[in-house]
Amino acid sequence: QVQLVESGGGLVQPGGSLRLSCAASGIILSSNAVGWYRQAPGKERELVALITSGGSTNYADSVKGRFKISRDNAKNTVYLQMNSLKPEDTGVYSCYTQFWRDYWGQGTQVTVSS
């Protein structure tokens with residue numbers, strides 16, 4: 001049974017930082033591309049960052065230079081380091097991967113507000 005479990009969300013002031021974690025069981029994350037998505041209130045879900053099985057990374061223009069996606073193969077976990085957070089970064093962040101079918105975590109809420 002495949003499970004993706006996100007953690008690390010919370011309330012942070014503008015300019016602050018958070019690190020999200022996506023821990024997997026039942027699947028080896030390093031064998032597949034893993035993406036972090038976010039969904040803001042009233043908006044469609046968007047891809048924020050992606051890491052491929054080879055370790056290449058891609059970012060949405062809105063987060064380039066502020067967010068960093070990384071992977072710890074020993075822990076079977078993908079991280080999203082978020083710095084210089086802005087109110088528009090607020091949303092539910094979910095990790096995603098695909099292996100024969102789509103797998104999503106339950107999401108973690110990030111709120112950037114003063």
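In summary, Y79 fulfils each of the numbered conditions (1) under 18 Å from G10 (Cα atoms); (2) assigned to a loop (DSSP other than H, G, I, E, B) with the single exception of condition (2). Scanning the range 73-97 for residues that are more than 27 Å from G26 (Cα to Cα) and surrounded by fewer than 16 Cβ atoms within 10 Å (Cβ to Cβ) gives N83, S84, K86, P87, E88. State whether one or more residues within the range 2-13 are exposed (fewer than 14 other Cβ atoms within 10 Å of the Cβ) and touching a Gly at 6+ places or on another chain (Cβ under 8 Å). Within the range 2-13, one or more residues are exposed (fewer than 14 other Cβ atoms within 10 Å of the Cβ) and touching a Gly at 6+ places or on another chain (Cβ under 8 Å).
In this entry, K64 is excluded by the filter for residues that are under 23 Å from G16 (Cβ atoms), open to solvent by 70 Å² or more (accessible area, probe 1.4 Å) and either touching a strand residue (DSSP E or B) at 6+ places or on another chain (Cβ under 6 Å) or in a helix (DSSP H, G or I) (or both). Scanning the range 22-35 for residues that are in a strand (DSSP E or B) and in contact (Cβ under 8 Å) with a residue 60 or more places away in the chain returns C22, A24, V34, G35. Consider S70 carefully, then state whether it is open to solvent by 20 Å² or more (accessible area, probe 1.4 Å), farther than 12 Å from S21 by Cα, touching a strand residue (DSSP E or B) at 6+ places or on another chain (Cβ under 9 Å) and modelled with pLDDT of 95 or more. In short, no. Cβ-Cβ contacts under 6 Å between residues 6 or more apart (or on different chains), taken from a first residue in the range 44-56 that is open to solvent by 70 Å² or more (accessible area, probe 1.4 Å) to a second residue that is of a type in the set (S, T, N, Q) and not in a loop (DSSP other than H, G, I, E, B), are listed as R45/Q39. Of the residues examined, R19 is one that is open to solvent by 60 Å² or more (accessible area, probe 1.4 Å) and touching a residue at least 60 places away in the same chain (Cβ under 8 Å). For the range 41-55, does any single residue satisfy the condition of being assigned to a loop (DSSP other than H, G, I, E, B) and among the β-branched types (V, I, T)? Yes, there is a match, as at least one residue in the range 41-55 is assigned to a loop (DSSP other than H, G, I, E, B) and among the β-branched types (V, I, T).
The values are calculated or read from the model by the stated rules, or taken from the named source; none is laboratory data. In this text the structure is predicted, and so the values were computed from the model without any measurement. Cβ sites come from the backbone with ideal geometry, for glycine too, and all protein chains shown count toward neighbours. These accessible areas exclude ligands, DNA and RNA; they are computed on the full protein's heavy atoms, side chains included. Shrake-Rupley method; radii C 1.70, N 1.55, O 1.52, S 1.80 Å.
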